[in-house]
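Visitor: Take this structure first; my questions come after.
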Amino acid sequence: MMYALDLFGVAVFAISGAMAARQLQMDPFGALILAGVTAIGGGTLRDLLLDITPFWIADPNYLYVIAATAIFTVIWPLKRGWPYRILNVADAFGLALFTVMGMSRALSAEVSMTVAIVMGVMTGVAGGMIRDVLSGQVPLILRREVYATASLVGALVLAALLHGNMDIKMASAIAMLTTLLIRLTAIRWKLALPTLNQHR
Amino acid sequence: MMYALDLFGVAVFAISGAMAARQLQMDPFGALILAGVTAIGGGTLRDLLLDITPFWIADPNYLYVIAATAIFTVIWPLKRGWPYRILNVADAFGLALFTVMGMSRALSAEVSMTVAIVMGVMTGVAGGMIRDVLSGQVPLILRREVYATASLVGALVLAALLHGNMDIKMASAIAMLTTLLIRLTAIRWKLALPTLNQHR
Amino acid sequence: MMYALDLFGVAVFAISGAMAARQLQMDPFGALILAGVTAIGGGTLRDLLLDITPFWIADPNYLYVIAATAIFTVIWPLKRGWPYRILNVADAFGLALFTVMGMSRALSAEVSMTVAIVMGVMTGVAGGMIRDVLSGQVPLILRREVYATASLVGALVLAALLHGNMDIKMASAIAMLTTLLIRLTAIRWKLALPTLNQHR
């Protein structure tokens, strides 16, 4: 069940990478690379820092999902544009899922709760940051949207619930819902945190 | 023999990094850093993911080759420009070599063939991608050229030949030639894969 | 003592990351991420390459210092701009400290002196490079300032003194002073290495 969700999260992030490649008129193989780093960049960085084998090395299914998704995205006829609304919801779901799963994986590696929160947020957002850098853009999530913030709040909720000895499945579900709701609310009403004033 | 070729590949990629630094009017030490990340970035990332000691930590000769190459490129009088044709051929050779050697090294670490293909392509192209990002550009190889594609096809050929139980030396030579020929053909006739249509 | 200095260095680099975030009008959480990668990016990369646990995983105090510094920088009223002169001196101190500590840590992991020099410079400059890339800029230190050069000269001095069997504390102090003086001199008189001529 979690495994299926995880593959779904990878597929969603792979689509967002391949979409960015289309907008930049990359060639199909560039799209494949961008889909890959977006989908597994965050989790790979987390696993390197935790000194465990990156998840996709032990299980190539992740790579197959990425390749299939990228090809699908590339050949899809975009006559009338993509259903952005659906993509945004799916991406919000991926963010929520990756944050919680990243944190669980960090806690299994027996790091402190503070470090686990960092790892959860990193799993959620680092792939998208690498995608933006490779696309020649300042990462959007650093700039405008309530994106990393949604991930962080979810991670903090999970930490609080686990600290209160809640069952991990229940706590994970609540944390995921928190991130999902914050992100969807932000998308729906175009919310953003106030940006920092530029100094002189 | 392979060792000499490997050092040659490192030198070729270091030149391409130092050349990019010249075009951006970096200072000499910036050129050294850019030469270094271009030459060993891909292999370093591969070794980190495979959890083996990065190759240049165990053998500093790679660092000496990079330093010597960067200095040489920096002091070379560029009155009439560089012989781009020679550089392009050398770079194509480096790409072919790094792809095959990256894949061999991954297979020695006993990963699956799918993962080894990813590692081979990564060894071939990641250094150049980091170079482009540090130069403030969208990585060229994601955009226009039959570059990563040449690496991927070579890797797939090697996988197929090894699967057919061909001797690894012979298979490696054929795979390298494949990558080299595709890349040189693309350079000669300015080939490119069709880019993805921008949506909207 | 060294530990307090190290936390101070982390705080200084975190400020420089959060300042960059202000200039780019990032949101507060973007500032936190940028402060974090600037402060611990170089040391994290070094620890990954040396295959030791990243320093901030074993000791979350670094994360607390970063969070506190980022929040402080974000809420600080910038009516009349920051005291750049003080920031520049603090940053030069951080560079000197990180170079020497990075090199010590590499030598403890029993790498060769050449590799230790690379690790020292990397610890000093990589965080700032990642900050610049995430900010959408060609890393400044590759371009204009006697920055990486100051780090490299300090590392070479330390290597020479250790080779001459000087006590490591005394050698570290001299190396730090060397980097600090070169960098402060460059700032004071706006020195720069000659840049490389652009070829045709």
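Visitor: Among C:T73, C:T69, C:T38, C:T44, which is the only one that is part of a helix (DSSP H, G or I), modelled with pLDDT of 95 or more and of a type in the set (S, T, Y)?
Guide: C:T44
Visitor: Which one of A:L7, A:L78 is in contact with a helix residue (DSSP H, G or I) (Cβ under 8 Å, 6 or more places away or on another chain) and modelled with pLDDT under 90?
Guide: Exactly one of A:L7, A:L78 is in contact with a helix residue (DSSP H, G or I) (Cβ under 8 Å, 6 or more places away or on another chain) and modelled with pLDDT under 90, namely A:L78.
Visitor: Okay, moving on. Give just the number: which of (1) over 15 Å from the mean Cα position of the chain (by Cα); (2) farther than 19 Å from A:L5 by Cβ; (3) of a type in the set (G, A, S) does A:A173 not satisfy?
Guide: (2)
Visitor: Moving on. Given the condition under 19 Å from the mean Cα position of the chain (by Cα) and farther than 24 Å from B:D51 by Cα, answer yes or no: does some residue in the stretch A:32-53 qualify? Spell out the reasoning first.
Guide: Of the stretch A:32-53, the ones under 19 Å from the mean Cα position of the chain (by Cα) are A:32-50.
Cutting the leftovers down to farther than 24 Å from B:D51 by Cα gives us A:32.
Taking every residue of the stretch A:32-53 in turn, at least one turns out to be under 19 Å from the mean Cα position of the chain (by Cα) and farther than 24 Å from B:D51 by Cα.
Visitor: Test A:M119 against the stated conditions and say whether it is away from chain C (no Cβ under 13 Å), in contact (Cβ under 8 Å) with a residue 60 or more places away in the chain and either more than 21 Å from A:L34 (Cβ to Cβ) or surrounded by fewer than 24 Cβ atoms within 10 Å (Cβ to Cβ) (or both).
Guide: The answer is no for A:M119.
Visitor: Moving on. Just one of the numbered conditions (1) facing chain C (nearest Cβ under 9 Å); (2) more than 23 Å from C:M26 (Cβ to Cβ); (3) at pLDDT below 85 is not true of A:S112; which one?
Guide: Here A:S112 clears every test but (3).
Visitor: Sticking with this structure for a sec: Just checking, how many residues over the stretch A:1-18 are surrounded by fewer than 24 Cβ atoms within 10 Å (Cβ to Cβ) and either acidic (D, E) or within 12 Å of chain B (Cβ to nearest Cβ) (or both)?
Guide: 1
Visitor: A further question on this structure: Going residue by residue through the stretch C:160-168, is there one that turns out to be closer than 22 Å to B:A70 by Cα and either of a type in the set (D, E) or within 14 Å of another protein chain (Cβ to nearest Cβ) (or both)?
Guide: Checked against the condition, which is being closer than 22 Å to B:A70 by Cα and either of a type in the set (D, E) or within 14 Å of another protein chain (Cβ to nearest Cβ) (or both), the stretch C:160-168 yields no hits at all.
Visitor: A further question follows. On the given criteria, is B:L95 more than 23 Å from C:L48 (Cβ to Cβ), surrounded by 22 or more Cβ atoms within 10 Å (Cβ to Cβ), of a type in the set (A, V, I, L, M, F, W, C) and at pLDDT below 95?
Guide: Details: more than 23 Å from C:L48 (Cβ to Cβ): yes; surrounded by 22 or more Cβ atoms within 10 Å (Cβ to Cβ): yes; of a type in the set (A, V, I, L, M, F, W, C): yes; at pLDDT below 95: yes.
Here the answer is yes, as B:L95 does meet what is asked.
Visitor: Moving on to the next point. Got a sec? Which of B:L87, B:L34, B:L49 is farther than 24 Å from A:P60 by Cα and either more than 9 Å from every other protein chain (Cβ to nearest Cβ) or surrounded by fewer than 23 Cβ atoms within 10 Å (Cβ to Cβ) (or both)?
Guide: The unique qualifying residue is B:L87.
Visitor: Residues of the stretch C:115-135 being over 17 Å from C:D47 (Cβ atoms), in a helix (DSSP H, G or I) and small (G, A, S), which ones?
Guide: C:G128
Visitor: Further question: Looking only at the stretch C:122-142, count how many residues are of a type in the set (V, I, T) and touching a residue at least 24 places away in the same chain (Cβ under 8 Å).
Guide: Residues that pass the stated criteria total 3.
The values are calculated or read from the model by the stated rules, or taken from the named source; none is laboratory data. Given the structure is predicted, the values throughout are model-derived calculations rather than measurements. Positions of Cβ are generated from backbone atoms using ideal geometry, with glycine treated the same way; all protein chains shown enter the neighbour counts.
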